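For reference, the structure is listed below as structure tokens.
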Amino acid sequence: MAYRMNMAPKEERASQKLFGTDGVRGKANVYPMTAEVAMQLGRALAYLIRNGPHRHRVIVGKDTRLSGYMLEQALAAGLTSMGVDVELVGPLPTPGISNITTSMRADAGAVISASHNPYEDNGIKFFWRDGFKLPDETEAKIEELLSTGAIDSIRPTATKIGRAFRMEDARGRYIVFLKATFPRELTLEGMTIVVDCANGAAYKTAPAVLEELGAKVITLGVSPDGKNINHKCGALHPENLARTVLKHGAHLGIALDGDADRLIVVDEKGKVVDGDAIMAICTGELVARKQLKKKVLVSTVMSNVGLERAVARWGVKVVRTRVGDRNVVEEMRRNGYNLGGEQSGHLVFLDHTTTGDGTLAALQLLAVMCRAGKPLSELASIFEPVPQTLVNVVVKQKKELGELPEVMKVIKAVEQKLGTSGRVLVRFSGTEPKARVLVEGVDASRNEAYAKDIADVLAKVLNR
């Protein structure tokens, strides 16, 4: 199957605006990730959430980046300057902020994080009062408010200015929520689990959850210093996790990213099990328990065709969306589906939560292992991926692929060579200055060669 995804207008527009595919993101203390912009974002969000005479409240959390201190204070200043109260929870996973926002009936939630990016970067993303990420139209309203200065004159005074508080028990609240998603009749007693928290937001929550459910936990990436988040650890770098699993004879390894909204696991043999394989395993469990709504699994265009083949045995259809867990969630909500995710490990169990949650996803996978009484390697064997090669190309500019004849020529040439047995996917990252080239086909070495051919032309054309 030859498949090409042209560069989306939405992704191109995102590169020219504040909001990308997952909030505002960039190098910390460089536009747009400056204290000044953070304050303006806070003011705009505060303006939009006002829906009555009561005092309004926003939950603000962050990961462990050094720049989080700067942006947290600036964002809080913007919110309070518009008369909104702020609850500062400190380092907490992105899905934890979503959960606290809804459980406390707050008007919105804000997360200061650049997810899997290096520590030099940071970002800000918002959740609405229902725990879901802001829709495109709301982000557009925020940008309009910032660009037009329409709310510059709104300046509450005296007792109408907002206040900021430190929420001391947010971590405990989130841990209790996570444990409640694990079947009450099951326990992790007798299991040895290695968990790599990427020196990020879950460095205290994830180990605590697993230990309280009975597991023996070996920790990695739990010593954040402000600059080691995601550095050679976590979901993007599972090599040390695999070695540690083998060293201790653990049942599995769990790797989270900086804000803990994605999950990659390692089986007892040290083999990496990605988001596609986890989705296949969990799909089978939900089908067996008659809990998969409409027998549909939602994934993105990045997922391996092997996922479709794996779940077809249960009569499950895979619906694909654009890249980004927000797009997955939107498709799920629009059509009443309850399981979706990405190959990268953003996994959404909509019966439990409103966004990707790495720790929650790990618990759902562990529940399948406990019920089946089988090792992860055996469970994962139902998923047989077609060889894929993914190449990232740093680019200075992003343009519609259709406007780049040299690039289109090499893509079409590769598609002809692959024929019906493979596909090509070329897209631009919505969070980084990169183009992503994916080639899927039966011959891994050819995939690599084809991907390099496309990447070389992209680099030449877009870095002039």
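The values are calculated or read from the model by the stated rules, or taken from the named source; none is laboratory data. This is a predicted model, so every value here is computed, not measured. No Cβ is skipped: glycine too gets one built from the backbone with ideal geometry, and neighbour counts run over all protein chains shown. Surface accessibility is based on the protein's heavy atoms, side chains included, excluding ligands, DNA and RNA. Shrake-Rupley method; radii C 1.70, N 1.55, O 1.52, S 1.80 Å.
Would a scan of region 346-357 turn up a residue that is in a helix (DSSP H, G or I) and over 21 Å from residue 436 (Cβ atoms)? Let's see the steps before the verdict.
In the first step, residues of region 346-357 are kept if they are in a helix (DSSP H, G or I); the result is none.
No, the conditions are met nowhere in region 346-357.
Since residue 139 meets every condition but one in (1) in contact (Cβ under 8 Å) with a residue 40 or more places away in the chain; (2) more than 21 Å from residue 204 (Cα to Cα); (3) in a loop (DSSP other than H, G, I, E, B), which condition does it not meet?
If we test residue 139 against (1) in contact (Cβ under 8 Å) with a residue 40 or more places away in the chain; (2) more than 21 Å from residue 204 (Cα to Cα); (3) in a loop (DSSP other than H, G, I, E, B), just (3) comes out false.
Counting just the residues of region 444-464 that are of a type in the set (Val, Ile, Thr) and out of contact with any strand residue (DSSP E or B) (no Cβ under 7 Å at 6 or more places or on another chain), which one comes out nearest to residue 433 (Cα to Cα)? Give the derivation first.
Residues of region 444-464 that are of a type in the set (Val, Ile, Thr), as a first pass: 454, 457, 461.
From what's left, out of contact with any strand residue (DSSP E or B) (no Cβ under 7 Å at 6 or more places or on another chain): 457, 461.
Values: 457: 16, 461: 14 Å.
Once the filter is applied, the top-ranked residue is 461.
Got a number for residues in region 107-124 being within 20 Å of residue 353 (Cα to Cα) and in contact with an Asp or Glu (Cβ under 6 Å, 6 or more places away or on another chain)?
3
Residues checked against (1) under 21 Å from residue 117 (Cβ atoms); (2) among the acidic types (Asp, Glu); (3) without any contact (Cβ under 8 Å) to a residue 24 or more places away in the chain:
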position	(1), (2), (3)
403	no, yes, yes
406	no, yes, no
414	no, no, no
418	no, no, no
425	no, no, no
438	yes, no, no
451	no, no, no
455	yes, no, no
462	yes, no, no
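Quick one: would you say residue 384 is surrounded by fewer than 18 Cβ atoms within 10 Å (Cβ to Cβ), closer than 30 Å to residue 179 by Cα and of a type outside the set (Gly, Ala, Ser)?
Working: surrounded by fewer than 18 Cβ atoms within 10 Å (Cβ to Cβ): yes; closer than 30 Å to residue 179 by Cα: no; of a type outside the set (Gly, Ala, Ser): yes.
So residue 384 fails the test.
How many residues, within region 395-418, are in a helix (DSSP H, G or I) and either open to solvent by less than 10 Å² (accessible area, probe 1.4 Å) or modelled with pLDDT of 90 or more (or both)?
Summing the residues that are in a helix (DSSP H, G or I) and either open to solvent by less than 10 Å² (accessible area, probe 1.4 Å) or modelled with pLDDT of 90 or more (or both) in region 395-418 gives 15.
Results for (1) assigned to a loop (DSSP other than H, G, I, E, B); (2) more than 15 Å from residue 99 (Cβ to Cβ); (3) open to solvent by less than 10 Å² (accessible area, probe 1.4 Å), shown as yes or no for each residue.
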{"site": "117", "(1), (2), (3)": "yes, yes, yes"}
{"site": "131", "(1), (2), (3)": "yes, no, yes"}
{"site": "146", "(1), (2), (3)": "no, yes, no"}
{"site": "154", "(1), (2), (3)": "yes, yes, no"}
{"site": "165", "(1), (2), (3)": "no, yes, no"}
{"site": "195", "(1), (2), (3)": "no, yes, yes"}
{"site": "199", "(1), (2), (3)": "yes, yes, no"}
{"site": "223", "(1), (2), (3)": "yes, yes, no"}
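Out of 24, 58, I need the residue that is open to solvent by less than 20 Å² (accessible area, probe 1.4 Å), within 21 Å of residue 158 (Cβ to Cβ), at pLDDT 95 or above and not in a loop (DSSP other than H, G, I, E, B). Which one? Walk me through it before giving the result.
Details: 24 fails: within 21 Å of residue 158 (Cβ to Cβ).
Going through 24, 58 in turn, the sole match is 58.
Among the residues of region 349-358, write down those that are under 13 Å from residue 260 (Cβ atoms) and either open to solvent by less than 10 Å² (accessible area, probe 1.4 Å) or of a type in the set (A, V, I, L, M) (or both).
So in region 349-358, the residues under 13 Å from residue 260 (Cβ atoms) come out as 353, 355-358.
Residues satisfying the conditions are 355, 356, 357, 358.
Given the conditions (1) part of a strand (DSSP E or B); (2) of a type outside the set (A, V, I, L, M); (3) open to solvent by 10 Å² or more (accessible area, probe 1.4 Å), report the number of the one that residue 326 does not fulfil.
Against the list (1) part of a strand (DSSP E or B); (2) of a type outside the set (A, V, I, L, M); (3) open to solvent by 10 Å² or more (accessible area, probe 1.4 Å), residue 326 comes up short only on (1).
Conditions: (1) surrounded by fewer than 17 Cβ atoms within 10 Å (Cβ to Cβ); (2) farther than 26 Å from residue 270 by Cα; (3) touching a residue at least 60 places away in the same chain (Cβ under 8 Å). Residue 126 meets all but one. Number of the miss?
The one condition residue 126 does not meet is (1).
For residues that are under 24 Å from the mean Cα position of the chain (by Cα) and touching a residue at least 60 places away in the same chain (Cβ under 8 Å), scanning just region 38-58, find the one that is nearest to residue 131 (Cα to Cα). Steps first, answer last, please.
Residues of region 38-58 under 24 Å from the mean Cα position of the chain (by Cα): 38, 41-42, 45, 58.
Next cut, touching a residue at least 60 places away in the same chain (Cβ under 8 Å) only: 38, 41-42, 45.
Details: 38: 21, 41: 18, 42: 18, 45: 15 Å.
For region 38-58, the residue satisfying everything is 45.
Conditions (1) modelled with pLDDT under 95; (2) farther than 18 Å from residue 260 by Cβ; (3) small (Gly, Ala, Ser), marked per residue:
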position	(1), (2), (3)
137	yes, yes, no
147	yes, yes, yes
179	no, no, no
183	no, yes, no
214	no, yes, yes
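Among (1) part of a helix (DSSP H, G or I); (2) out of contact with any Leu (no Cβ under 9 Å at 6 or more places or on another chain); (3) crowded, with 16+ Cβ neighbours inside 10 Å; (4) modelled with pLDDT of 95 or more, where does residue 370 come up short?
(2)
Considering each of 378, 432 in turn, give the residue that is part of a helix (DSSP H, G or I) and of a type outside the set (Gly, Ala, Ser). Can you show your working first?
On the way: 432 fails: part of a helix (DSSP H, G or I).
That would be 378, the only listed residue that is part of a helix (DSSP H, G or I) and of a type outside the set (Gly, Ala, Ser).
Only residues that are open to solvent by less than 10 Å² (accessible area, probe 1.4 Å) and in contact with a helix residue (DSSP H, G or I) (Cβ under 7 Å, 6 or more places away or on another chain): list them for region 202-214, please.
Residues satisfying the conditions are 202, 205, 206, 209.
Show the residue pairs that are 6+ apart or on different chains and have beta-carbon atoms under 6 Å apart, the first residue being within region 221-243 and more than 16 Å from residue 262 (Cα to Cα) and touching a residue at least 60 places away in the same chain (Cβ under 8 Å), the second being surrounded by 15 or more Cβ atoms within 10 Å (Cβ to Cβ) and among the hydroxyl-bearing types (Ser, Thr, Tyr).
224/64; 224/203; 227/119
Check whether at least one residue in region 258-271 is of a type in the set (A, V, I, L, M, F, W, C) and free of Cβ contacts under 8 Å to residues at least 60 places away in the same chain, and report yes or no.
Taking region 258-271 first, the residues of a type in the set (A, V, I, L, M, F, W, C) are 260, 263-266.
Subsequent filtering for residues that are free of Cβ contacts under 8 Å to residues at least 60 places away in the same chain retains none.
So far as region 258-271 goes, no, none of its residues is of a type in the set (A, V, I, L, M, F, W, C) and free of Cβ contacts under 8 Å to residues at least 60 places away in the same chain.
Checking residue 303 against (1) outside any helix (DSSP H, G or I); (2) on the phi < 0 side of the Ramachandran plot; (3) open to solvent by 10 Å² or more (accessible area, probe 1.4 Å); (4) not aliphatic (A, V, I, L, M), which test does it fail?
Against the list (1) outside any helix (DSSP H, G or I); (2) on the phi < 0 side of the Ramachandran plot; (3) open to solvent by 10 Å² or more (accessible area, probe 1.4 Å); (4) not aliphatic (A, V, I, L, M), residue 303 comes up short only on (3).
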